[in-house]
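Some notes on the structure that comes next.
Please treat every number below as a calculation from the coordinates, not as lab data. None of these values were measured; they are calculated from a predicted model. All Cβ positions, glycine included, derive from the backbone under ideal geometry; neighbour counts span all protein chains shown.
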Amino acid sequence: MVAREFNTRYLGSLLGSLWAVLNPLAMIFIYTVIFSRIMRAKLPGIDDSMAYGMYICAGLLPWTYYIELLSRFPNIFLDQASLIKKVNFPRITLPVIALLSSTINFVIIFSVFLGFLALTGRFPGWVIVAFIPLLIVQQLFVVGLGILLGSVNVFFRDVGQFLNVILQFWFWFTPIVYPMTILPPKARIILELNPLVPLVQAYQNIIIYHQWPMWSHFIPHVIGAVLALIGGFMVFSRLSGEMVDEL
């Protein structure tokens with residue numbers, strides 16, 4: 001089912017799954033070349049013309065992965081309503097399939113980005129492996145939250161619509177296209193309430209400064225991710241028996 005879903009994205013197109021590489025290449029080109037070379041945007045204190053574009057990509061790629069998953073989960077059971085009503089199978093596999101499919105897509109996109117860094121002599125080295133535990137924490141949180149939202153959205157369809165509005169604000173309240181240093185102190189205090197801010201900053205520090213994350217800062221994130229996963233499964237277990245009737 002994961003392979004089928006991945007192939008369906010590019011079904012009927014002439015280049016097929018090659019678009020999985022061309023799309024991220026275009027995005028990386030826009031942010032690293034257009035912003036850096038044409039607009040000449042720079043990061044404060046960094047003497048590298050391409051640093052700003054790399055800074056954006058380092059935060060935007062994991063964010064896009066996060067948003068793709070979170071935006072799919074509210075409709076994960078609604079989109080497969082015909083399958084759920086006709087076939088008896090573990091319904092919890094549907095979020096797992098979505099997770100694996102989106103992860104494959106992210107791995108392709110991120111590999112293209114790493115290849116670009118290597119070609120331009122800006123590969124961060126072994127510190128890049130720090131992305132793995134950070135992404136796992138991010139996955140646990142989004143899967144738990146997504147299962148909860150997907151279960152509730154079967155009964156209250158406004159959940160998915162409300163989430164789309166929240167995500168638009170969430171993006172701009174996360175320092176992806178701007179550094180925290182340009183904000184006034186009061187604004188920084190507000191942004192620090194956003195749980196994604198430390199994760200995004202860690203991604204950017206790995207790529208730009210080649211710094212290992214301070215793992216102790218992410219203990220609350222691990223706890224929160226586990227609690228979100230447990231809460232999501234509890235809500236799913238409570239509502240799964242009534243899903244077929246509601247669908």
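The calculated 222 nm mean residue ellipticity attributable to helices in the chain amounts to -21500 deg cm²/dmol, summing -39500 (n - 2.57) over DSSP H runs of n ≥ 4 and dividing by all residues. As a proxy for reagent exposure, ranking Ser151, Ser101 by other Cβ atoms within 10 Å from fewest up yields Ser101, Ser151.
Look at Trp170, Trp63, Trp126, Trp215 and count the other Cβ atoms within 10 Å of each Cβ; fewest to most, that gives Trp126, Trp215, Trp170, Trp63. Once Rg/Rh (Cα atoms, Kirkwood Rh) is worked out from the coordinates, which option in (1) 0.96; (2) 0.94; (3) 0.99 does it equal? Correct label is (3).
Multiplying the residue separation of Ser71 and Thr103 by 0.36 nm and removing their Cα-Cα distance gives an extension gain of 10.1 nm.
Dipole check for the chain: with +1 at the C-beta of Lys and Arg, -1 at the C-beta of Asp and Glu, and the Cα centre as origin, the magnitude is about 260 Debye. Volume per residue for the stretch 137-236 equals 108 cubic angstrom (convex hull of Cα atoms).
Only Cα pairs under 8 Å and 6+ residues apart enter the sum, and on that basis the relative contact order of the chain stands at 27 percent. So what's the angle, to the nearest 10 degrees on a 0 to 90 scale, between helix 51-72 and the longest Cα principal axis of the chain? Taking Cα atoms only, the helix is inclined about 0 degrees.
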